[in-house]
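Data block below; observations after.
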Amino acid sequence: MIRPSRCSLSFRAMLLCAAVLCAARAAPAAAEGSGGGPLRARWAEGMQAGVATPSTALPAGVRRIADLPYGADPRQRMDVYLPPAGARLAGQRAPVIFMVHGGAWRTGDKAMPKVVENKVARWVPQGFVLVSVNYRMLPDTPVAQQAQDVALALATAQQRAGEWGADAERFILMGHSAGAHLVALLNARPAAALGWGGWPWLGTVVLDSAVLDVPRFMSAPHLPLYDAAFGTDPALWAQLSPYDQLAAGTPPWLLVCSTERPDQPCLQAEAMARKVQARGSRAAVLPQPLGHGEINGELGLDGDYTGAVEDFMASLHPLVARLLRR
């Protein structure tokens, strides 16, 4: 469901019943009150998931450029998935989906199946370029520097887009979990990201971040992994908070949130959407009755969820809409 009150656009998924979200809010609260239980354990396991075996199967005609560097560190690498020649529209440069993996700011990899498999299978054969990014992580690299890595990776990808038949000004940012927080931080303060040498992008898809308002989140009970990421200094919390750093006139937002998580990320998504709109930009909230990992892994599969994300993407540029047959 994309909430109709959160965006003026018409999306296919927003006709789903709002009562599902209300019921889901009550269930996590009960799980919190009982000390967590199986729901919290399953969610925490998804948050801490390590590096899985990379996906190697590619759709017919799709080519992967692996481990393209954007910095000197071995983690500063990205994979680029190029569409088949027949998928390109004559005279048009391809739009780019720029994907940032999650993993509690400490683990994860750009080639994990849940990060790329279904997204590549769906969108690259339709004519999109997909870039999946690694970045330096905890404990060696603080979250603020991780955001700088992502900004540098974005600028590098935009500078090289012409080599891939892509357009530097037709990027859509996307990130999951910790990666969702990092792309949200970039989207909240685009001028800081552009300082690394990039161009404005079309919009951003935030896949299930509970830390859009970092001070509010850190002031409530939370898992220890967040202490490792954000520490105990309220000034640092504000510096790393998309909500607190939000500038006026940002690119459009789609805030996807799980209704299954005990920390209720949809509440933060809704508050973020309201503030974005108050600052003169567009935002939509897309609650989903999926687990934290499923929000990432199931995107790209046929269904209302992928359709709603594609409706948002199509609203960003006519060429994107044409490729998605909208």
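The values are calculated or read from the model by the stated rules, or taken from the named source; none is laboratory data. From a predicted model like this one, the values you see are computed outputs, not experimental measurements. With ideal geometry, Cβ positions are generated from the backbone for all residues, glycine too; neighbour counts draw on all protein chains shown. Ligands, DNA and RNA are stripped out before the accessible areas are found, and what is left, the full protein with its side chains, is counted by its heavy atoms. Shrake-Rupley method; radii C 1.70, N 1.55, O 1.52, S 1.80 Å.
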Tally time: how many residues in the range 71-114 are open to solvent by 60 Å² or more (accessible area, probe 1.4 Å) and either part of a loop (DSSP other than H, G, I, E, B) or without any contact (Cβ under 8 Å) to a residue 40 or more places away in the chain (or both)? 11
Go through (1) under 17 Å from the mean Cα position of the chain (by Cα); (2) open to solvent by 10 Å² or more (accessible area, probe 1.4 Å); (3) not small (Gly, Ala, Ser) and name the single condition residue 260 misses. (1)
Residues of the range 268-303 satisfying the condition of being assigned to a helix (DSSP H, G or I) and over 27 Å from residue 191 (Cα atoms): 292, 293, 294, 295, 296, 297
Count - residues of the range 158-189 that are in a helix (DSSP H, G or I), over 23 Å from residue 248 (Cβ atoms), open to solvent by less than 20 Å² (accessible area, probe 1.4 Å) and among the small types (Gly, Ala, Ser): 3
Of the numbered conditions (1) in contact (Cβ under 8 Å) with a residue 60 or more places away in the chain; (2) open to solvent by less than 30 Å² (accessible area, probe 1.4 Å); (3) in contact with a helix residue (DSSP H, G or I) (Cβ under 8 Å, 6 or more places away or on another chain), residue 210 satisfies every one except a single condition; which is it? (1)
Condition broken by residue 283, with the remaining ones in (1) open to solvent by 50 Å² or more (accessible area, probe 1.4 Å); (2) under 20 Å from residue 202 (Cα atoms) satisfied: (1)
